[in-house]
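Peer 1: Mind looking over this structure? Questions follow.
All of the numbers you see were taken from the coordinates with simple rules; none came from a lab. In this text the structure is predicted, and so the values were computed from the model without any measurement. Note that we place each Cβ from the backbone using ideal geometry, even for glycine, and neighbour counts take in every protein chain shown.
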Amino acid sequence: MKLIDTLWKDAPLATRGEITPKLGFALTVLLAMVWLIPFLWMGVATLRPASDGINTMAELMPSLKPTLDNIRDAWEIGDFPRYTINTTIICTGILLVQFVTITLAGFAFARLEFAGKTLIFYLFLMQLMLVPVLLIVPNLSLVAQLGLYDTLTGVMMPFFASAFGTFLMRQAFEAIPTELEDAALIDGAGLFQRIRHIYVPLSMPSFSAFAIISVTSHWNDFLWPLMVINSPDKRPLTVGLSVFTKTAEGTQAWGTIAAGTLMVIAPLLVAFLIFQKRFISSFVTSGIK
Amino acid sequence: MSLAEPAALPVATSAAPRLNVLKRFMERFKTSLPAYLLLLPSLVFLALFTYGAMGRVLIDALYQRATPKAPVRFVGLDNISAVLADPAFTGAVVNNLIYALGTAVPSIALALLFALALSRTRAVNSALRAALFLPVLIPMVAASALFLFIFLPNVGLLDYYIGRLLPVLPNWLGDPDIALTAIMVITIWKNAGYYMLFFLAGLQAVPEDVMEAAHLDGAGPYMRLRHIILPELKPTLLFVTVIATLNAVTQVDHVFVMTQGGPSNATNLVLFYIYQQAVEHYDIGKASAATLLTLAALMGLTALSFRTMANREGGP
């Protein structure tokens, strides 16, 4: 974990910077610039007045008379406030339940001995391999049977348990010295008191890493909410954006599409720019999401 | 499970040992009970949405759904053979294989290049890494919205800046011969920065003294890359390959937004086919059969790569 934490800012000079000749570095710089072009276009197009016409839409030079009209239009046409609220509810709801499930399960695997531990561990491991996206068909029918079709709860439910989170917490809890728990035991602390006052506070870095991974991935989820949600007012940002794009594409309103896209990705981009190091180390920790 | 202790005799000669076994089992269960209770919330959801889902896919694939004319009926392997005989499915499989290879290889190669070039600690490298990582954070749907304009015929970004240099302006998303490649470009743009992270992490495991010794022995950059760094990165490479393959099968949001599988099924991928069968054609049997085949293929692949990883000293 320490190794990973230092990755973003202080990568050691394992390759001494000499392994990639100057040409490789130059190519990387060039590609990094190319990588930014879609973002650059998004920013420039968002601020370009529609009166400039379609023929200048591709200009990467910003307009001299920037306007906020596109943002206003997108905000009004697309009902982005509603989509943002829905996505926030989904991400928060999933995360809160996950915190409970992964803490409890992580503790059981880290500190308790019980019959069938290995078997149950493998059952958890299976979820990592089974790629939830592929199970959308049976899960959609289950959600419908539970009466949760077209509800935000239905969107959240398949993610309430997380094998990845459980393994992460297990690892964090195992690193905590047992002496601390023994002391609490002598003081007569119950199981839940020990978890709450010793294990949870000392595992905050792991919780925050998990929160970053969980929120990022569910903020970006598309296919599953698309299948579960039917009512327009329950759409999350991604589904809202795809519908919005389809409508605006017909009218060639590329400035509003750019503005809408900006609104969908802005929260995560801002969070990333502030907490870069944390994001990076969480992503490396995650491996398979 | 280690419940069946060797002490349990094959045939109990009297009632006493059997009672003992039962008693021990009860004791074992009692001491295990707190753990079971802690695991219960997770297991309930896993049972419903993972194991249960697996079972339901298996069952649904064997049945024909009720229609107004006929009730649900058992059809055995009919759904599977129907899917295998469906040119749309086999086409999607072929597309998906091309797509997997065409996205995994370039994005992994680029990720390795990025990691090697940016492994050194410098402010500028930090900024470059951030630039390359940004696409990872945005939803595929948002990336698709941006690339829709990039690929737009005539007025789009690509044609505006580069397309004019070509003798004929291609319709990037409308031409069946080009559309799949266009979709692949987005995927490479979106994932290379993610894989870069793993290579950056992997590079830290390269022993510094070995690198130094090789340097003193006069090994050039290429020699050090070929003989020290790449062998050291092998586990990372394998791991990233698995993720890239999984991504190639599970990322289809851009197909929804940009092409809907078209033109003439040129960009239809397996997961999109499953979606079409389930939601558009309402054929749960066929959708389940396709899911089952895909799951089997993926699990086989994952098992294979895990075995390769296990055979090697220490995975990531």
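Peer 1: So which residues in the stretch A:233-259 are in contact with a Ser or Thr (Cβ under 7 Å, 6 or more places away or on another chain) and not in a loop (DSSP other than H, G, I, E, B), if there are any at all? Give the derivation first.
Peer 2: Going through the stretch A:233-259, the residues in contact with a Ser or Thr (Cβ under 7 Å, 6 or more places away or on another chain) turn out to be A:236-237, A:241, A:248, A:255, A:257-259.
Correct list: A:237, A:241, A:248, A:255, A:257, A:258, A:259.
Peer 1: Across the stretch A:263-283, what is the total count of residues that are at the interface with chain B (Cβ under 9 Å from one of its Cβ atoms) and either surrounded by fewer than 22 Cβ atoms within 10 Å (Cβ to Cβ) or aromatic (Phe, Trp, Tyr) (or both)?
Peer 2: 8
Peer 1: Right, something else. Quick one: residue B:138 ticks every box in (1) more than 7 Å from chain A (Cβ to nearest Cβ); (2) free of Cβ contacts under 8 Å to residues at least 60 places away in the same chain; (3) within 26 Å of residue A:40 (Cβ to Cβ); (4) of a type in the set (Val, Ile, Thr) bar one, so which box is it?
Peer 2: It is condition (1) that residue B:138 fails.
Peer 1: Take residue A:90 and decide whether it is more than 10 Å from chain B (Cβ to nearest Cβ) and under 24 Å from the mean Cα position of the chain (by Cα). Steps first, please.
Peer 2: Working: more than 10 Å from chain B (Cβ to nearest Cβ): yes; under 24 Å from the mean Cα position of the chain (by Cα): yes.
Considered against the rule, which asks whether it is more than 10 Å from chain B (Cβ to nearest Cβ) and under 24 Å from the mean Cα position of the chain (by Cα), residue A:90 comes out as yes.
Peer 1: For residue A:230, work out the one condition from (1) in contact with an Asp or Glu (Cβ under 8 Å, 6 or more places away or on another chain); (2) part of a helix (DSSP H, G or I) it doesn't fulfil.
Peer 2: (2)
For (1) within 10 Å of chain A (Cβ to nearest Cβ); (2) closer than 25 Å to residue B:130 by Cα; (3) out of contact with any strand residue (DSSP E or B) (no Cβ under 7 Å at 6 or more places or on another chain), each residue gets a yes or a no:
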residue: B:156; (1), (2), (3): yes, no, yes
residue: B:162; (1), (2), (3): no, no, yes
residue: B:170; (1), (2), (3): no, no, yes
residue: B:180; (1), (2), (3): no, no, yes
residue: B:189; (1), (2), (3): yes, yes, yes
residue: B:201; (1), (2), (3): yes, yes, yes
residue: B:206; (1), (2), (3): yes, yes, yes
residue: B:218; (1), (2), (3): no, no, yes
residue: B:237; (1), (2), (3): no, yes, yes
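Peer 1: Collect the residues in the stretch A:249-261 that are surrounded by 15 or more Cβ atoms within 10 Å (Cβ to Cβ) and more than 9 Å from chain B (Cβ to nearest Cβ), keeping them in residue-number order.
Peer 2: Once the filter is applied, which keeps residues that are surrounded by 15 or more Cβ atoms within 10 Å (Cβ to Cβ) and more than 9 Å from chain B (Cβ to nearest Cβ), the stretch A:249-261 yields A:253, A:255, A:256, A:259.
Peer 1: Right, another one. Scan the stretch A:151-194 for residues that are assigned to a loop (DSSP other than H, G, I, E, B), without any contact (Cβ under 8 Å) to a residue 40 or more places away in the chain and among the aliphatic types (A, V, I, L, M) and jot them down. Spell out how you get there, then give the answer.
Peer 2: Of the residues in the stretch A:151-194, the ones assigned to a loop (DSSP other than H, G, I, E, B) are A:151, A:160-162, A:175-177, A:187-190.
After this cut, where a residue has to be without any contact (Cβ under 8 Å) to a residue 40 or more places away in the chain as well, the list is A:175-177, A:187-190.
The answer is A:175, A:176, A:189.
Peer 1: I need the helices (runs of 4 or more DSSP H) fully contained in the stretch B:201-316, keeping only those with at least 1 residues that are over 30 Å from residue B:87 (Cβ atoms) and of a type outside the set (Lys, Arg). Write out each step before concluding.
Peer 2: Values: elements: B:208-216, B:221-224, B:230-250, B:270-275, B:284-311.
By residue number, B:208-216, B:221-224, B:230-250, B:284-311.
Peer 1: Can you name the condition, by its number, that residue A:89 falls short on among (1) touching a Leu at 6+ places or on another chain (Cβ under 6 Å); (2) crowded, with 21+ Cβ neighbours inside 10 Å?
Peer 2: (2)
Peer 1: On to the next question. Identify the residue in the stretch B:107-135 that is more than 9 Å from chain A (Cβ to nearest Cβ) and surrounded by fewer than 17 Cβ atoms within 10 Å (Cβ to Cβ) and, among all such residues, is farthest from residue B:221 (Cα to Cα).
Peer 2: In this case the residue turns out to be B:123.
Peer 1: Which count do you get for residues in the stretch B:88-139 that are part of a loop (DSSP other than H, G, I, E, B), among the hydrophobic types (A, V, I, L, M, F, W, C) and within 17 Å of residue B:236 (Cβ to Cβ)? Break it down stepwise before answering.
Peer 2: Step one: list which residues in the stretch B:88-139 are part of a loop (DSSP other than H, G, I, E, B), which gives B:118-122, B:138-139.
Those still in the list that are among the hydrophobic types (A, V, I, L, M, F, W, C) too: B:118, B:138.
Keeping just the survivors that are within 17 Å of residue B:236 (Cβ to Cβ) gives B:118.
Matching residues across the stretch B:88-139 total 1.
Peer 1: Still on this structure, please answer the following. Can you confirm whether residue A:138 is assigned to a helix (DSSP H, G or I) and without any contact (Cβ under 8 Å) to a residue 12 or more places away in the chain?
Peer 2: yes
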